[in-house]
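Report on the structure given below.
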Amino acid sequence: MLKIWSMKQKQQQDANADAAAGTRKKKVTAAQLRVQKDLSELALPSTMKTEFPDPDDILYFNLTIEPDEGMYKGGRFHFTFAISQNFPHEAPKVKCTQKIYHPNIDLEGNVCLNILREDWKPVLNLNAIIVGLQFLFLEPNASDPLNKEAAEDLRSNREGFKRNVRSSMGGGTVKNQTFERVLK
Amino acid sequence: MSQPVMVSGTILAPSSTMATRWQYLDNVRRNSGPFTDPDVFDASEAAATNMEQINVFGAGGLGCEILKNLALSGFKKIHVIDMDTIDVSNLNRQFLFRQSDVGESKAEVAAKFVEKRVKGVSITPHNCKIQDKDEDFYMQFTLVICGLDSIEARRWINSTLVDLVDMNNPDSFKPLIDGGTEGFKGQSRVIYPTMTSCIECQLDMHAPRAAVPLCTLATIPRQPEHCIEWAHIMAWEQEKPFPKLDNDDPEHITWLYKKALARAAEFNITGVTYSLTQGVVKNIIPAIASTNAIIAASCCNEAFKIATNANPALGGEENYMMYSGNDSIYTYTFKHEKKDDCPVCGNMAKNLDVDPNLTLQEFIESLAARPEAQLKKPSIRAEGRTLYMQSPESLRLQTAPNLEKKVGDLVGNGDEIGVTDPSLGRVDFKFRLKFTSEFVKAETNGHAK
């Protein structure tokens, strides 16, 4: 043990590092530092906005997406992000807070985005997820259905699907499901 | 396995006195060998009777083995922490427990058993989470051995031990020995906190838990596990039968099991059982008693060598031993390199002198000029407090009022801050603030905190 300590002292001298200051105070956790880094590198286009209910808690925030092209143009979609202390080894939990008609988002707001689950890797960052979410509105994808009926509509009748999107966004009813009005 | 297995071996006559009990161990400990480091080797009687205080995390599959091995290797003062209670399914390999112990605390039963079996050892049980103990508690140990089943708990104790290291106090330095198994595979590693590669540096050695795409669960389940995951993730969220899912509550597991069973029937899938439900929900990894024994044995031998200096131990040059019994036997011992950008040990907080009477704005401007920082657009946070973020815009607006506040109003002397800046690339900074002067609180017309 003594031997290890003297090696440690030598290493410290070589690195010319500071000795720790006496009393221990509050530390920044690895997850928080990483989220801080991801947020400070975030380059959001004008179609997306964040909102922090508590600015001191950066592990929990809301994201609003307002697509300016594609079938969902004119809508305003809200998502919550909940990040655990295990970030970035665990993906953030992302949910849509509105009931919307979308093949990759179910009526409870669960989102089928590969990098939120099976393809998440610690090298990915918040920006990748946000870009991924935006992409779901530009290119809804019928091959990864979470809302099976919407996916079926998209696959079999693209024009009909577009009409369904429009009427659901206006708060209308599609196949006995009433959706939330999400128009700006 | 139905045929009897023959076990042969010589059983020595039991020795009756305490003096002869440790004779074989003392031969190893008190006679220096060709690899013994003469600088630190101490063969004296005092060193032998003064085996250090050691802490064991986990009294499960590995923990039982570790406690038994330590006690039989002459360690005298051991603490054990485990928050779990004994389950019937543990009894096949966690040999310190009996049927009558089911429902009792693992730590308490294990401690009592080993104390009774091995005379002269004192084991203090703690029936709690490792996170419930503070730094003062961990300061009393010289060595820590982990036989944990979660990465989260490993990361926690790792960063706690790294933070504990104080150059002014040699006793703050506590080697960490970590064992882990999964089926026929396992690993032992020794970490010298802040000196060698830590658990956070080695996180990529853990394969992530394989996840199935949500849409597969929702639309085309193919395996019984898919039905259980669906019940766990989607049906539970939708129906919320109980306010919060408790993996240890049989009523909750039964609810999930019935949901999964109904869904499996709908898709013509067989194989959903109560125990599989429990396994999927709790992420239970198959444990093999002998793999636990191998890994625990290697961990305890390293503990013995580190404590006695009898022989070189894992930790310095090589620090990681992987064992795989999947395809015959393969082991490999290597040096896992320390990562410079490790968020726990690669990025130790540096001291930063600051006048607490500066405004945050002035402080940020000074960071740009300091040679050790040279930051153009720094964002700054303390634990639980966002001081100023340059991005995203909503957070910038929310934190901008802090710019006029005094540094001393926002953080305390000795607090740590995290500084990030897009110009830094992968690196970020942690600073421990040292106030260079007395903080003068603003008069009543100033900003209230």
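The values are calculated or read from the model by the stated rules, or taken from the named source; none is laboratory data. Since we're looking at a predicted model, the values are computed, not measured. Virtual Cβ from ideal backbone geometry, glycine too; neighbours counted across all protein chains shown.
Flag set for B:N268, criterion: at pLDDT 90 or above and at positive phi.
For segment B:223-246, the condition holds for at least one residue, the condition being that it is at pLDDT below 95 and within 23 Å of the chain's Cα centre (by Cα). For segment B:352-375, indicate whether the set of residues that are out of contact with any Gly (no Cβ under 7 Å at 6 or more places or on another chain) and closer than 21 Å to B:E65 by Cβ is non-empty. No, segment B:352-375 contains no residue that is out of contact with any Gly (no Cβ under 7 Å at 6 or more places or on another chain) and closer than 21 Å to B:E65 by Cβ. A residue that is modelled with pLDDT under 95, more than 7 Å from chain B (Cβ to nearest Cβ), in contact with a Pro (Cβ under 9 Å, 6 or more places away or on another chain) and in a helix (DSSP H, G or I) occurs somewhere in segment A:11-34.
What do you reckon, is A:N104 over 30 Å from B:R154 (Cβ atoms) and either in contact with a Lys or Arg (Cβ under 9 Å, 6 or more places away or on another chain) or of a type outside the set (F, W, Y) (or both)? Judged against the criteria, A:N104 is a match. The one condition from (1) out of contact with any Phe, Trp or Tyr (no Cβ under 8 Å at 6 or more places or on another chain); (2) within 14 Å of chain A (Cβ to nearest Cβ) that B:N311 does not meet is (1). For segment B:237-258, a residue qualifies if it is in a helix (DSSP H, G or I) and over 13 Å from B:Q278 (Cα atoms), and the qualifying residues are B:E237, B:Q238, B:E239.
Residue by residue, here is whether (1) crowded, with 21+ Cβ neighbours inside 10 Å; (2) more than 17 Å from A:E41 (Cβ to Cβ); (3) of a type outside the set (S, T, N, Q) holds:
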{"site": "A:E118", "(1), (2), (3)": "no, yes, yes"}
{"site": "A:L124", "(1), (2), (3)": "no, no, yes"}
{"site": "A:A128", "(1), (2), (3)": "no, no, yes"}
{"site": "A:L136", "(1), (2), (3)": "yes, yes, yes"}
{"site": "A:N141", "(1), (2), (3)": "no, yes, no"}
{"site": "A:D144", "(1), (2), (3)": "no, yes, yes"}
{"site": "A:K148", "(1), (2), (3)": "no, yes, yes"}
{"site": "A:E152", "(1), (2), (3)": "no, yes, yes"}
{"site": "A:R155", "(1), (2), (3)": "no, yes, yes"}
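One residue alone among B:F95, B:F141 is hydrophobic (A, V, I, L, M, F, W, C), surrounded by fewer than 18 Cβ atoms within 10 Å (Cβ to Cβ) and in a loop (DSSP other than H, G, I, E, B), and that residue is B:F95. Scanning segment B:389-418 for residues that are touching a Phe, Trp or Tyr at 6+ places or on another chain (Cβ under 8 Å), surrounded by fewer than 16 Cβ atoms within 10 Å (Cβ to Cβ) and at the interface with chain A (Cβ under 7 Å from one of its Cβ atoms) gives no hits. Every residue in segment B:404-430 that is in contact (Cβ under 8 Å) with a residue 40 or more places away in the chain and touching a Lys or Arg at 6+ places or on another chain (Cβ under 6 Å), please. Passing the criteria: B:D409, B:E416, B:T420, B:D421, B:S423, B:D428. Note on segment B:334-355: residues that are among the β-branched types (V, I, T) and either in the same structural domain as B:E416 (by TED's automatic domain parsing) or closer than 14 Å to B:D204 by Cα (or both) total 1. Scanning segment B:194-232 for residues that are touching a Cys at 6+ places or on another chain (Cβ under 7 Å) and either aromatic (F, W, Y) or part of a loop (DSSP other than H, G, I, E, B) (or both) gives B:T194, B:C198, B:E200, B:C201, B:P213, B:P221.
The set of residues in segment B:172-219 being free of Cβ contacts under 8 Å to residues at least 24 places away in the same chain and under 23 Å from B:Y330 (Cα atoms) consists of B:D204, B:A207, B:P208.
With a requirement of 1 or more residues that are touching a Gly at 6+ places or on another chain (Cβ under 8 Å), at pLDDT 75 or above and within 14 Å of chain A (Cβ to nearest Cβ), none of the helices (runs of 4 or more DSSP H) lying completely within segment B:1-87 satisfies it.
Only one of the listed residues (B:T359, B:T386, B:T291) is polar (S, T, N, Q), surrounded by 15 or more Cβ atoms within 10 Å (Cβ to Cβ) and facing chain A (nearest Cβ under 10 Å). That residue is B:T386. Out of the residues in segment B:175-197 that are surrounded by fewer than 21 Cβ atoms within 10 Å (Cβ to Cβ) and of a type in the set (D, E, K, R), state the one that is farthest from the other protein chains (Cβ to nearest Cβ). Going through the qualifying residues, I end up with B:K185.
Taking the criterion of being buried (at least 19 other Cβ atoms within 10 Å of the Cβ) and more than 22 Å from B:P175 (Cβ to Cβ), the residues of segment B:65-92 that qualify are B:I86, B:N90.
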